[in-house]
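Student: One structure, as structure tokens, below. Some questions next.
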Amino acid sequence: MTHLSLKNVSKHFGDFTAVNDFNLDVNKGEFVSFLGPSGCGKTTTLRMIAGFEIPSTGQITINGADITNKAPSQRNVGMVFQSYALFPNMTVAQNIGFGLRIRKEKEADVVDRVKEMLAIINLEKKADSYPYQLSGGQMQRVALGRALAIRPEVLLLDEPLSALDAKIRIALRAEIRGIQQKLGITAIYVTHDQEEALSLSDRIVVMREGEMDQVGTPFQIYNFPTTVFVANFVGTLNNASAEVVDPAKSIIAIDGIQFESAVDLKERKKGDKVRVAIRPERFNFVSQEKKANIVDCRIENITFLGSIVRIQVMIGNSKFYMDTFNNPFLELPKIGDKDQVTCSREAVLVLDE
Amino acid sequence: MNILARIRRIPFWSWIWFILGALYFLLPLYATVNFSLRMERDVIGFKAYVRAFEDPDFLKTFMYSNMLALMTILASIILIVPTAYWIRLRLPEARRVVEFITLLPFVVPAIILVFGLIRIYSSPIKIPFTDTTLLQPLTTFEIGTDILIVAGYVVLGLPYMYRSVDTGMRTVDVRTLTEAAQSLGASWFTIIVKVILPNIRAALLSGALLTFAIVVGEVTLASFLGVPAFGPYLFLLGQHRAYEPAALSFASFLLTWLAMGLIQLFTGGQGQASGAH
């Protein structure tokens, strides 16, 4: 059932269009991420849901009620900010109870709810601490508890992990997802970090220059990008210009080297220019595994990335990356070696040029 | 590291400049205290202080000036806090204009200000384009004059109060704190009273102290508006007596130091950025 809905929402600042014709229905309890580079309009869209910006056109509804022009304080939307935004003059418990006291809830209920939230965010022992006595991760957990304490209709998170170091970021994102699922709350998460979006979300909205480029599950977004932008932005991707050789058999050629794709190319003509995209991890050396497309290559470079080894190869005149799991017993080729690589038909994505 | 070791690390020339600076400020003060204690020949005593405090006019004018200072501080806070807040939040482009206005008291002397006030408010206030009188001339009755002088003092204190408040707001992320409070359901009034004011407490106290110091010692506005304030009293006393004004001057110094001590006590010696708690 649609819980939050944005219909034809646009936002203009003078001549600049920050968000253009944004349409999205979010179900109750769904976790949706807005993913995109800086300036793509993801934060502006979030701020329109929060009420900090009023859309130039369009409508925003929560549970069917129009909130487009409502003040932020009237929306019952919880927000977690990148900079934590904890009130420095209040303790952790006072911060969490702030929204409830504003709502003039009974003091006993406030105390109970604060205790409940402290247990959820696992900071019971820090109830009387001030924000300056907490670490970044703890502060963001308090901010999350404060936003959830008011039982919001929608939880908005604006790059909440950006200011934290890598290890805490990973731990806290699992915590955020766990709490969201436990409470069954609808959440909108803004990030420019694809790994965060892929690991947290039920659905991802990839945005570019104020427009939605693709909406889908993390699996769809990663494995079946529909535009070159999405393919490039989410994950590492090899892409090269190619030409359709046999539309009926879905065969294309990169620098004359033929690849067979699983993509239906019947609507294209022989000689059509297309773009071919292949994820690095979909390549294998022929000696390791035999698959559909076997092509000659030359090893250009080898980079260790921890658990992964990234190998740069030349196929014809095009540069490609292939990823293989790091294994101390794996015999890696040497730079300059000639070899053969292979990838399945499904790995060969064909996009518009 | 102990204090002695820290002191030893301070360079020689720093000490020289510090001592010269301290002497520049402390010598006149010492001279004033010394002079105020020698009212009786060859006796060091507090006679000048006793005399000064015994004078009924002292208490009357001092209390009156304190009342004016409190009213000025209150009016300044009501005027300046929302203004500085709104400029930080919504009108950053207006900051230059407002800063220019707040600096005007440094350029326009108090004598010009008081003549302007007297000229405008010594005539009845009428509804424009009619002969209907809305209010008698403010200079002709006590409360009216008090309102005028407080308004004048708010203008004189503007540079200090505005800068203190604005600096205080710069150290806390006013915009994000406001948005966080709004998303939790807080009204503008609640945000200012419960979120903004407590976090700029130290800045407000500094601004209030400076305003207090200006108002209690101010002579020009008080003299020309003919109010029984402490500044003109001290001025008159200085023309007729020698020791009592010195005693009162030192007493005002002590009062200022007491106020500064209170600020340190209230803020725990830290700025509001590190958590006003």
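Student: Taking the convex hull of the alpha carbon atoms in the protein assembly as shown, what volume per residue do you get, in Å³? Intermediate values should be presented prior to the final figure.
Tutor: Numbers: hull volume 179.2 nm³, N = 630.
In the protein assembly as shown, the Cα convex hull volume per residue is 284 Å³.
Student: Mind computing the radius of gyration and Dmax over the alpha-carbon atoms of chain B? Å is fine for both.
Tutor: 22.9, 77
Student: Still on this structure, please answer the following. For a label point 7 Å from the Cα of residue A:122 along Cα→C-beta, name the residues of region A:174-196 whose backbone N is under 19 Å from it.
Tutor: Under 19 Å, as judged by backbone N against the label point of residue A:122, lie A:174-184 of region A:174-196.
Student: Taking H as built 1.01 Å from N, whose amide H comes closer than 5 Å to the amide H of residue A:80, not counting residues under 5 places away?
Tutor: A:156, A:157, A:158
Student: In whole Å, how far is the Cα centre of region A:323-352 from that of region B:103-117?
Tutor: Distance between centres, Cα-based: 80 Å.
Student: Residues of region A:27-42 with amide nitrogen under 18 Å from the 7 Å Cα-to-Cβ point of residue A:56?
Tutor: A:39-42
Student: Over chain B, what relative contact order in percent results from Cα pairs under 8 Å that are six or more residues apart? List each step's numbers first, then the result.
Tutor: Numbers: 271 pairs, mean separation 73.9, N = 277.
Contact order relative to length: 27 percent.
Student: Continuing with this model, one more query. With contacts defined as alpha carbon pairs under 8 Å and 6 or more residues apart, what's the relative contact order of region A:237-352 in percent?
Tutor: Values: 277 pairs, mean separation 37.4, N = 116.
Worked out over region A:237-352, it gives 32 percent.
Student: Something else about it: Report the far tail of the P(r) of region A:51-175, meaning the percent of Cα-Cα pairs longer than 21 Å. Before the final figure, lay out each step's value.
Tutor: Numbers: 3289 of 7750 pairs.
For region A:51-175, the share of Cα pairs beyond 21 Å comes to 42 percent.
Student: Using a cut-off of 15 Å between beta-carbons, work out the net charge of the residues near residue A:268 (Lys and Arg +1, Asp and Glu -1, residue A:268 not included).
Tutor: Around residue A:268, the charge tally is -2.
Student: Give me, ordered by chain and number, the residues 5 or more places off residue A:250 or on other chains with an amide H under 5 Å from its own placed amide H.
Tutor: For residue A:250, whose amide H was placed from the backbone, the distant partners under 5 Å are A:265.
Student: Greater than 29 Å separation of Cα atoms is the criterion. Which listed pairs, A:11/A:273; A:42/A:266; A:11/A:106; A:167/A:338; A:126/A:167, meet it?
Tutor: On the way: A:11/A:273 36 Å; A:42/A:266 36 Å; A:11/A:106 40 Å; A:167/A:338 39 Å; A:126/A:167 21 Å.
Exceeds cut-off: A:11/A:273; A:42/A:266; A:11/A:106; A:167/A:338.
Student: For an R0 of 45 angstrom, estimate the FRET efficiency from the Cβ-Cβ distance between residue B:251 and residue B:96 and round to the nearest 0.05. Spell out each step's value before the answer.
Tutor: Details: r = 41 Å, r/R0 = 0.91.
The calculated FRET efficiency here is 0.65.
Student: Can you tell me the dipole magnitude for chain B around its Cα centre, using point charges on the Cβ only (Lys, Arg +1; Asp, Glu -1), in Debye to the nearest 20? Walk me through the numbers on the way to the answer.
Tutor: Working: 20 positive and 15 negative charges, 177 e Å.
Approximately 840 debye in magnitude.
Student: Taking θ = phi - 60°, what integer Hz values does the Karplus form 6.51 cos²θ - 1.76 cosθ + 1.60 yield along region A:110-118, in sequence order, with x for Gly and Pro?
Tutor: For region A:110-118, the Karplus-derived couplings read 4, 4, 4, 5, 4, 4, 4, 5, 4 Hz, x marking Gly and Pro.
Student: In whole Hz, with x marking every Gly and Pro, tabulate ³J(HN,Hα) for region B:196-203 from phi via Karplus 6.51 cos²θ - 1.76 cosθ + 1.60, θ = phi - 60°.
Tutor: Values per residue, Gly and Pro as x: 6, 4, x, 8, 10, 4, 5, 5 Hz.
Student: May I ask you to derive the relative contact order of chain A, considering only C-alpha pairs under 8 Å and at least 6 residues apart, and to give it as an integer percent?
Tutor: Numbers: 750 pairs, mean separation 54.7, N = 353.
Reported relative contact order: 15 percent.
Student: Output ³J(HN,Hα) for region B:147-160: one whole-Hz value per residue in order, computed from phi by the Karplus curve 6.51 cos²θ - 1.76 cosθ + 1.60 with θ = phi - 60°, and x for Gly and Pro.
Tutor: My calculation for region B:147-160 gives 4, 4, 5, 5, 4, x, 5, 4, 5, 4, x, 3, x, 6 Hz in order.
Student: Still on this structure: How do B:95-105, A:244-254 rank on mean C-beta neighbours within 10 Å, highest first? Could you put the intermediate results ahead of the total?
Tutor: Details: B:95-105: 14.1, A:244-254: 16.9.
Taking the mean over residues of other Cβ atoms within 10 Å, the ranking is A:244-254, B:95-105.
Student: Can you compute the helix-only [θ] at 222 nm over the protein assembly as shown? Use -39500 (n - 2.57) per DSSP H run of at least 4 residues, normalise by all residues, nearest 500 deg cm²/dmol. Working shown, then result.
Tutor: On the way: 20 runs with 283 residues, N = 630.
Taking each H run of at least 4 residues, the total per residue is -14500 deg cm²/dmol.
Student: Quick one: Cα centre-to-centre distance for region B:153-193 and region A:187-260, in angstrom?
Tutor: 46
Student: What's the Cα-based Rg to Rh of region A:2-232, Rh via Kirkwood?
Tutor: On the way: Rg = 17.5 Å, Rh = 18.1 Å.
So for region A:2-232, dividing Rg by the Kirkwood Rh gives 0.97.
Student: Tell me, how many Å apart are the Cα centres for region B:27-70 and for region A:127-168?
Tutor: Using only Cα atoms, the two centres lie 56 Å from each other.
Student: Taking the Cα centre of chain A as the origin, how large is its charge dipole in debye, to the nearest 20, when only Lys and Arg (+1) and Asp and Glu (-1) carry charge on their Cβ atoms? Intermediate values should be presented prior to the final figure.
Tutor: Working: 42 positive and 43 negative charges, 147 e Å.
Once rounded to the nearest 20, the dipole reads 700 debye.
Student: Now, a different point. I want to check the label-to-label distance for residue B:3 and residue A:260. Put each point 7 Å from Cα in the C-beta direction and report it in nm to one decimal.
Tutor: 8.7
Student: Okay, moving on. What is the local net charge at residue B:101, summed over the other residues whose Cβ is closer than 13 Å to its Cβ (Lys, Arg +1; Asp, Glu -1)?
Tutor: On the way: positive: B:95, B:96, B:163; negative: B:99, B:166.
Summing Lys and Arg as +1 and Asp and Glu as -1 gives +1.
Any read-out appearing in this document is the output of simple, stated calculations on the displayed coordinates, not a laboratory observation. Model, not experiment: these values are computed from the prediction. Don't worry about glycine lacking a Cβ; one is built from the backbone with ideal geometry, like all the others, and counts go over all protein chains shown.
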